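Attaching a single structure in structure tokens format; questions to follow.
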Amino acid sequence: KTPPMMRRVRELWLKLSSGEPGARRTVLLCFLHVMLVWGVAIMVMDQNRERSIESWKSSTQNLALTVAAHAAQTQRAAELVLQSMADWVGEERIETEAQFRTIMGERRFFDEMRDRIVGQPQVGLALIVAADGDVINSTLAWPPSGVNVADREPFRMALEPDALPLSA
């Protein structure tokens, strides 16, 4: 015994294959309706995809601008600290390497450097370094621990002929 649903499907198939014009028209309209729904769905998905891409582009640009602004602010803060440290050297009228090591290694410069970077959260560390890489003074601890930074890339880059006179 055939279930009722299968009988209906079989009857519909027989009607369509028998060639009745009304049945063919109904099937054609159903087919066109399904194709229209699928077409609209695809267009909506494509439009949403484009909107999503534009949204991510905008977010990425905003993030890049934010990072650039932060980097510029950090650089300005470091430049202020460096300029004040360079001014100290000028005020002391230092003429020799030995004078530089003695005067810049004093506790008062440790205190001054710490006072300068306390107001600059972008600056985590300030060092006074001799030409041979010896750390003369540092904001980490006083007296400095005798560290040499001559093998570190930022120090080597600061010594290159085309480098800026001060390096952050």
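The values are calculated or read from the model by the stated rules, or taken from the named source; none is laboratory data. The shown structure was predicted, so the numbers you read here are calculated from the model rather than taken from an experiment. Neighbour counts run over all protein chains shown; Cβ positions are idealised from the backbone, glycine included. Heavy atoms of the whole protein, side chains included, go into the accessibility calculation; ligands, DNA and RNA do not. Shrake-Rupley method; radii C 1.70, N 1.55, O 1.52, S 1.80 Å.
Exactly one condition in (1) open to solvent by less than 90 Å² (accessible area, probe 1.4 Å); (2) assigned to a helix (DSSP H, G or I) is not met by Ala150; state its number.
Condition (2) is where Ala150 drops out.
Identify all residues within region 119-144 that are loosely packed, with under 15 Cβ neighbours inside 10 Å and under 17 Å from Pro154 (Cα atoms); write none if there are none.
Gly124, Leu125, Ala131, Asp132
Using the structure shown, decide if Phe155 is modelled with pLDDT under 80 and either open to solvent by less than 70 Å² (accessible area, probe 1.4 Å) or in a helix (DSSP H, G or I) (or both). Lay out the reasoning, then the answer.
Details: modelled with pLDDT under 80: yes; either open to solvent by less than 70 Å² (accessible area, probe 1.4 Å) or in a helix (DSSP H, G or I) (or both): yes.
Yes; evaluated as a whole, the condition is true for this residue.
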